[in-house]
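The values are calculated or read from the model by the stated rules, or taken from the named source; none is laboratory data. These numbers come from a predicted model, not from an experiment. Here Cβ is always computed from backbone atoms with ideal geometry, including for glycine, and neighbour counts include all displayed protein chains. Just the protein is used for accessible areas: all its heavy atoms, side chains included, with ligands, DNA and RNA removed. Shrake-Rupley method; radii C 1.70, N 1.55, O 1.52, S 1.80 Å.
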Amino acid sequence: MPSMMQPNVTAGRKTMAKSASSMRTYLTCPKKYALSKDWEQKYAPTAFTRGTLVHFGIVEGFMKNLSLSAALGGVSLELEKLSESIENRDAFDDKELRKVRAYIKGYYAHHNQEEFFREFEVMATESAFEFSYRNQRFSGRIDALLRRKATGEVILYELKTTSSNVSDPD
């Protein structure tokens, strides 16, 4: 059976950096987990870049009450920054960028910004957290921290870009 528990070594310290979805995959089917690692090596740069750009457009655009055009402009600038670190830049082509733009446009269309900001206050975006539990250290980032204006309820908002298919707009 493939092992999920292969530590990363950072500054002489062993750490386990696993996402909730990779842990769920491993617990459900260890072989699927192993195959997903092979897939990641081949396709992850494109998928990771797409997810990063969609995330940027929504968290840095929508959640900061920017217009759709401002959010899409920010995505283009962010892609320029990311281009230097994308191993296979040719894999992230115009078709991939159209997918990103379609996803962000869909998000803006589905979530009426005016209504959203009447109901919620965005308290923070990209907030870091860290805690220990049973001698294990956990850390990460919360996409957005929202407060429902009517009740004061605080909501942790975590955007997942893989929860539904993104169709090519062409």
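Taken over the stretch 117-129, the criterion of being free of Cβ contacts under 8 Å to residues at least 40 places away in the same chain and in a helix (DSSP H, G or I) is satisfied by ARG118, GLU119.
Scanning the stretch 82-94 finds no residues that are at pLDDT below 90, more than 16 Å from GLY51 (Cβ to Cβ) and either surrounded by 15 or more Cβ atoms within 10 Å (Cβ to Cβ) or hydrophobic (A, V, I, L, M, F, W, C) (or both). I want to confirm something. Restricting to the stretch 108-158 and keeping residues that are open to solvent by 60 Å² or more (accessible area, probe 1.4 Å) and of a type in the set (Gly, Ala, Ser), which single residue is nearest to SER67 (Cα to Cα)? Among them, the one singled out is ALA109.
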